[in-house]
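The values are calculated or read from the model by the stated rules, or taken from the named source; none is laboratory data. What you see is a predicted model; the values in this text were computed from it and never measured. Positions of Cβ are generated from backbone atoms using ideal geometry, with glycine treated the same way; all protein chains shown enter the neighbour counts. Quick note on the areas: whole protein, heavy atoms, side chains included, nothing else; ligands and nucleic acids left out. Shrake-Rupley method; radii C 1.70, N 1.55, O 1.52, S 1.80 Å.
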Amino acid sequence: MTARRPASPARIALRSREELAAIRAAARVVARTIAELREAVRPGIRTRDLEHLAAESFRRQGARSGTLGYFGYPGQLCISVNDEVVHGIPGERRLAEGDLVKLDVVAVKDGFYGDAAVSVPVGEVRPEVARLVRVTEEALWAGIAQARPGNHIGDIGHAIERHVAAHGLVVVRDFVGHGIGRAMHEPPQVPNFGEPGTGPLLRPGMVLAIEPQVNLGTAAVRILDDGWTAVTADGAWSAHFEHTVAITE
């Protein structure tokens, strides 16, 4: 689940080996849940059906949803479709052939959080949508490649935006990645843009949720009347990928 920017600066936690292992266990719950959801995505399924699958996956793994009840958010996960960028609420909408569904999953296990997101085509999608998905996932990995000791937060965002811009696409600037651990959103913020060598220094023990959101059109977004769902201002489609990453030696 993305963080809104800006937020006031605060101390960045450096996690112990035991804490890193606990965060990894929560992230594994997320990974297994996403794998089950991917298998279930098909034309005709309701987003509410996917939510029920996620809730059952959490229960089976001894975890709970990290989004349900977060500042009143009503869903077990975020499900955003087509021009919905992030924070879509599960409901009665049925997925159709050619849709693009974004699954943003947060799990809490033994007091620690894991967070990840994927963009899943529903059947065959238009070539430009397939390209959007590919470039967004590549941008995630470009950012992760910069997540190493001695680099800075700005190196991550710069790598993401440079890759996206090279393909004629744009990153969303209203939402950012974040630290994660004992809470879903912790310092530091991790923008999907930035300048190399700027921002907090990356040190072993930091845990980051890196999550580019990339649009086919303008970077601008607006929030629907439900108070949560962010959509592109121009109606162009959006993709989203996220991974929880630990900085180690």
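Which percent of the accessible heavy-atom area of the chain goes to carbon and sulfur, probe 1.4 angstrom?
Working: 5450 of 10520 Å².
About 52 percent, which is the carbon plus sulfur part of the accessible surface.
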- Item | Zone residues, the range 98-140, relative to Asp49, backbone N less than 19 Å from point 7 Å out along Cα-to-Cβ | 98-104, 120-125
- Result for the chain: accessible area per residue, probe 1.4 angstrom, in square angstrom, of 42 Å²
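Compute the relative contact order of the range 1-79 as a whole-number percentage, counting only Cα pairs closer than 8 Å that sit 6 or more residues apart in sequence. The partial results should precede the final answer.
On the way: 42 pairs, mean separation 18.8, N = 79.
Relative contact order comes out at 24 percent.
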- Would you indicate which of (i) 1, 6, 11, 11, 10, 9, 9, 7, 6, 6, 5, 5, 5, 4, 3, 2, 1, 0; (ii) 1, 5, 10, 12, 13, 12, 11, 10, 9, 7, 5, 3, 2, 1, 0, 0; (iii) 1, 7, 15, 19, 20, 18, 12, 6, 2, 0 is the value of P(r) over Cα pairs in 5 Å bins from 0, in percent derived from the coordinates of this structure? (iii)
- Item | Paramagnetic reach from Asp234 in the range 172-211 [backbone N under 20 Å; point 7 Å along Cα→Cβ] | 172-175, 192-193
